[in-house]
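Student: The structure that follows is given in the form of structure tokens.
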Amino acid sequence: ESGCPGESFQNVSVVMVSLASVAVAVAFSRLVVLRENVRPFAFSFGRRELKYLAYSLLLFLLIIVPSVMVMGIVAGILERIGANLPGVSLALSVVPLIAGIVCARFFIMLPAVAVDDRELTMKRAFALTRGNANKIFWGQALMMLPVVITVTLLTMLYGALNLSGFLVDLIMAFLLLGLSFFDAALKASYFSHVYQYFVYFWRHPENQSL
């Protein structure tokens, strides 16, 4: 029971960092699309950020829910017929990846929400990005690489040096916090550029041949 307060604090911290990351993402989306200046340590959280968070959760659910359903159905069928095929678990793990690639076509909704673009809908976003799901998804994965590599190296270094103590833990926490915000800014900037590209040709069809 003594660990409960610590766990609660950790959960609250995760929520607070997530909300702050949304504010950073919205600010950098507006910087890229609207050239609106980003003021350090002056991020706000209001209706726009709540809407951005809601769309982020919606996209997450669009990926996770069908994936879990498909994996559950396939696993149930295999169990019913008594099949124990090697590599099935690995094959099923590809399902969320496929769902993520398909849903990548909706990702331009995030910068649209950040810049208050009410004309772009989920249906239109899906239509505009036809044939570009792989490019958008793997581009996002590429944007995540710097942070993933840095976090991995920091974790390995932290473990290898066997460092401990309040000051070391505090420095590590701030580094991870900074990397979290950097990741949010990087992905938001990427999605904003993708958004600009597709929305520009939607609103200027005469330039589609360029």
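The values are calculated or read from the model by the stated rules, or taken from the named source; none is laboratory data. All of these numbers come straight from a predicted model, not from anything done at the bench. Neighbour counts are summed over all protein chains in view; Cβ atoms, including those assigned to glycine, are modelled from backbone coordinates with ideal geometry. Heads up: the accessible areas ignore ligands, DNA and RNA and are worked out on the full protein's heavy atoms, side chains in. Shrake-Rupley method; radii C 1.70, N 1.55, O 1.52, S 1.80 Å.
Student: At a 10 angstrom cut-off on C-beta neighbours, averaged per residue, how do the peptides 107-115, 54-62, 177-185 rank from highest to lowest?
Tutor: Top of the packing list down: 107-115, 177-185, 54-62.
Student: Per 0.36 nm of contour for each residue apart, how much would the distance between residue 155 and residue 201 grow if the chain were fully extended, relative to their Cα-Cα spacing?
Tutor: Taking 0.36 nm per residue and subtracting the Cα distance, the gain is 12.2 nm.
Student: To the nearest 20 debye, what charge dipole does the chain have about its Cα centre, counting +1 at the Cβ of each Lys and Arg and -1 at the Cβ of each Asp and Glu?
Tutor: It comes to approximately 780 debye.
Student: Right, here's the next one. If R0 is 45 Å, what FRET efficiency do you get for residue 179 and residue 65 from their C-beta distance, rounded to 0.05?
Tutor: 0.95
Student: May I ask you to derive the FRET efficiency for residue 38 and residue 94 from their Cβ-Cβ distance with R0 = 30 Å, giving the value to the nearest 0.05?
Tutor: That pair, residue 38 with residue 94, gives E of 0.20.
Student: How much accessible area per residue does region 72-190 have, in Å², with a 1.4 Å probe?
Tutor: Here the residues of region 72-190 average 62 Å² of exposed surface.
Student: Would you please calculate the Kirkwood hydrodynamic radius of the chain over all C-alpha pairs and express it in Å, rounded to one decimal?
Tutor: Numbers: mean 1/r = 0.0505 Å⁻¹.
Value: 19.8 Å, from the Cα pair sum.
Student: Using θ = phi - 60° and the Karplus form 6.51 cos²θ - 1.76 cosθ + 1.60, what ³J(HN,Hα) does each residue of region 165-179 get, whole Hz, x for Gly and Pro?
Tutor: Result, rounded to whole Hz: x, 4, 5, 5, 5, 5, 4, 4, 5, 5, 4, 5, 5, x, 5.
Student: Turning to a different aspect of this structure: Step through the residues of region 155-160 one at a time and calculate ³J(HN,Hα) from phi using the Karplus curve (6.51 cos²θ - 1.76 cosθ + 1.60, θ = phi - 60°), rounding each to whole Hz and writing x for Gly and Pro.
Tutor: So the J values, rounded to whole Hz, are 5, 5, 5, 4, x, 5.
Student: What part of the accessible area of region 84-176, given as a whole %, is carbon or sulfur when the probe is 1.4 angstrom?
Tutor: That share works out to 72 percent.
Student: In region 90-210, with Lys and Arg counted as +1 and Asp and Glu as -1 at Cβ, which of these residues, 145, 90, 177, has the Cα nearest the positive end of the dipole, that is, farthest along it?
Tutor: Working it through, the farthest residue towards the positive pole turns out to be 90.
Student: At 0.36 nm per residue, minus the direct Cα-Cα distance, what do residue 130 and residue 47 gain on full extension? Give it in nm, one decimal, please.
Tutor: In short, 26.9 nm is gained.
Student: Now a separate question. How much length is gained on full extension from residue 122 to residue 163, taking 0.36 nm per residue of separation minus their Cα-Cα distance?
Tutor: Values: separation 41, 0.36 × 41 = 14.76 nm, distance 4.77 nm.
Using 0.36 nm per residue and subtracting the Cα-Cα distance, I get 10.0 nm.
Student: Which residue, chosen from 121, 32, 50, occupies the Cα position most advanced towards the positive end of the dipole of the chain, where the dipole is computed from +1 (Lys, Arg) and -1 (Asp, Glu) charges on Cβ about the Cα centre?
Tutor: Towards the positive end, the residue furthest out is 121.
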